Amino acid sequence: MRCRKCAHPAVIKMPRHNISLCKDCLTEFVHNQVRRAVKTHRMFTTDDRILVAVSGGKDSLTLWAILLKLGYRADALYVDLGIGEYSIQSRQKVQRFTDTVAATYQAKLHVHTVEQEQGAGIRELATLVHRPTCATCGTMKRYQFNRVAVEKDYDVMATGHNLDDEAARLLGNVLHWQTDYLDKQTPALPASLGGFAKKVKPLYRLTEREIAAYAVIHHIDYIVDECPMAKGSKMLAYKHALNRLETESPGTKHTFYLTFLDRQAKQHETSGKIAEQDRQHLRPCTICGQPTSTEVCSYCQMMAKAAVAAQRG
Amino acid sequence: MKTVEVGGSTVHCKPACPGLMIRPAMKVLVSNPRQELEVPGPTRVQQLLKRLDLTPEAYLVIRGDELVAEDTVLEDTDSIEIRSVISGG
Ligand code: SF4
Ligand SMILES: [Zn+2]
Ligand SMILES: [Zn+2]
């Protein structure tokens, strides 16, 4: 098989675009998709300081690598959840990437260790507050990323969500008709209020397979094993279903998510609308000052509950 | 080690098993869930995935540390990783 663009040996076939590409042309393809995402949603410019949320997995490390390569000013934050061997290994991968790649661009890594700062790992916290681990983890990560972004004065926060993530989430939201979630499912959420960082997803045009291929080609050493808590998650089930459909009819995921975005954009100026809604509903948390729609934000409620439960012992 | 021709392809005989031909097979490591398999070659990447009932959209095939395309022929001497690209969060 030859590359469709330059006739060098192909390394990947991409049925959704009906092409096969060699290493260099795949690299160019991936960079172009990211450029296009950044431009379409006016995510950031080369003047902005970007904070990338890294987990040690393929998406976030690849995102960090691409942003640096394309000339953006990107630092990263890793949240150490204290999930046994998984956290130890993923942290090592992030550290190694920082030392070998990011350091050559003078990019910096911030680390937040949950066990150290909050006094218990994420699984113990989840038990204390009687919530599923992943829900507790989600609240923790969102809170810490936003806190670091605002405290350290980053202009925008970037996450490694890809086309598969977004299509699976859209499927989940549609299956349950979660219409208020649908409104917020965009690749760029504006900074609606002082205290809320702008959030972007520059990989939303790329599939997991394309991103993993980029990582392999560029020797990005990421953690292949999954977080053990992900087992049996709904998202995985949606992804498998979508990949079956994708195999039968290439382009399904792309059409599903990108058509949704087109319609959303036509329906309303989403960014304006969300910013407006947020401004009406949000106020500073009485404990920590981060924006929230309730008096005390969900993170502070969670931590208060954990503290009480820990005291009762 | 003695080699013989079988059906047009060269097969290695282990000297330790006189008369018994043991065909070497390629070592295949599958991630998530982790599994180690031995699959006799030669076989094309797409056939290997089909044989193991794996959706092509969810995996990459890596030989040594090089990504290989669907029509690549894999040999017995190859060391192959079939890497899941799906993450759960
Ligand atoms: S699987 Fe759950 S616990 Fe693990 S990182 Fe993802 S959200 Fe957190
Ligand atoms: Zn090419
Ligand atoms: Zn708070």
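The values are calculated or read from the model by the stated rules, or taken from the named source; none is laboratory data. This one's a predicted model, so the numbers in the text were calculated from it and none came from an experiment. When we count neighbours, we look across all protein chains shown, and the Cβ atoms used for this are built from the backbone with ideal geometry, even at glycine. Each accessible area value is taken on the protein alone, full model and side chains, heavy atoms only, with ligands, DNA and RNA left out. Shrake-Rupley method; radii C 1.70, N 1.55, O 1.52, S 1.80 Å.
The table below lists the values:
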| item | result |
| --- | --- |
| Shielding by other protein chains, B:57-67, mean Cβ within 10 Å | 6 |
| Reference-scaled alpha-carbon Rg (2.2 N^0.38 Å with N residues) for the range A:54-171 | 1.10 |
| With Cα atoms, 0 to 90° folded angle of helix A:252-267 axis to chain A main axis | 60 |
| Over 23 Å between alpha carbons, listed pairs A:Lys152/A:Lys184; A:Lys199/A:Lys305; A:Lys201/A:Lys266; A:Lys39/A:Lys69; A:Lys108/A:Lys239 | A:Lys152/A:Lys184; A:Lys199/A:Lys305; A:Lys108/A:Lys239 |
| Prolate/oblate/rounded label for the range A:140-225 (Cα gyration tensor, a/c 1.5) | oblate |
| Selection from A:Phe29, A:Pro228, A:Gln280, by position along the positive dipole direction of the protein assembly as shown (Cβ) | A:Gln280 |
| Estimated inter-spin distance, A:His218 and A:Trp177, nm [label 7 Å along Cα→Cβ] | 4.3 |
| Sites A:Ser249 and A:Arg312 - FRET efficiency at Förster radius 45 Å, r taken between beta-carbons, to 0.05 | 0.25 |
| As computed over chain A, the Cα convex hull volume per residue (Å³) | 143 |
| Probe 1.4 Å, all protein chains present, accessible-area order of A:Tyr257, A:Tyr181, largest first | A:Tyr181, A:Tyr257 |
| Chain A: relative contact order as a whole-number percent, Cα under 8 Å and 6+ apart | 19 |
| Zone of A:Thr104's modelled label, taken as backbone nitrogen in the range A:205-242 under 14 Å from a point 7 Å along Cα→Cβ | A:218-221 |
| Helix axis angle, A:234-248 relative to chain A longest principal axis, alpha carbon, degrees | 10 |
| Exercise: per-residue mean of other protein chain Cβ atoms within 10 Å, B:26-39 | 1 |
| Cβ neighbours within 10 Å from other chains - mean over A:201-211 | 2 |
| P(r), alpha carbons of the range A:88-142 - 5 Å bins starting at zero, rounded % | 4, 17, 20, 19, 15, 12, 8, 4, 1 |
| Other-chain or far-sequence residues with amide H under 5 Å of A:Cys285's (modelled H) | A:Gln290, A:Thr292 |
| Förster radius 41 Å - calculated FRET efficiency between B:Glu38 and A:His31 (Cβ-Cβ, nearest 0.05) | 0.60 |
| Degrees, to the nearest 10: A:270-281 long Cα axis against longest axis of chain A | 0 |
| The protein assembly as shown - charge dipole about Cα centre, Lys and Arg +1 at Cβ, Asp and Glu -1, debye rounded to 20 | 540 |
| Gained length - A:Leu70 relative to A:Thr127, 0.36 nm times residue gap less alpha-carbon distance | 16.3 nm |
| Area of B:Asp65 that stays accessible when all protein chains are in place (1.4 Å probe, Å², to 10) | 90 |
| Computed [θ] at 222 nm, deg cm²/dmol, the protein assembly as shown (DSSP H ≥ 4; -39,500 (n - 2.57); rounded to nearest 500) | -13500 deg cm²/dmol |
| In Å², nearest 10: area of B:Asp53 left accessible to a 1.4 Å probe | 130 |
| Surface accessible to a 1.4 Å probe, A:Ile66 within the full protein complex, Å² | 0 |
| Where labels lie 7 Å past Cα in the beta-carbon direction, separation of A:Asp47 and A:Val296 in nm | 4.2 |
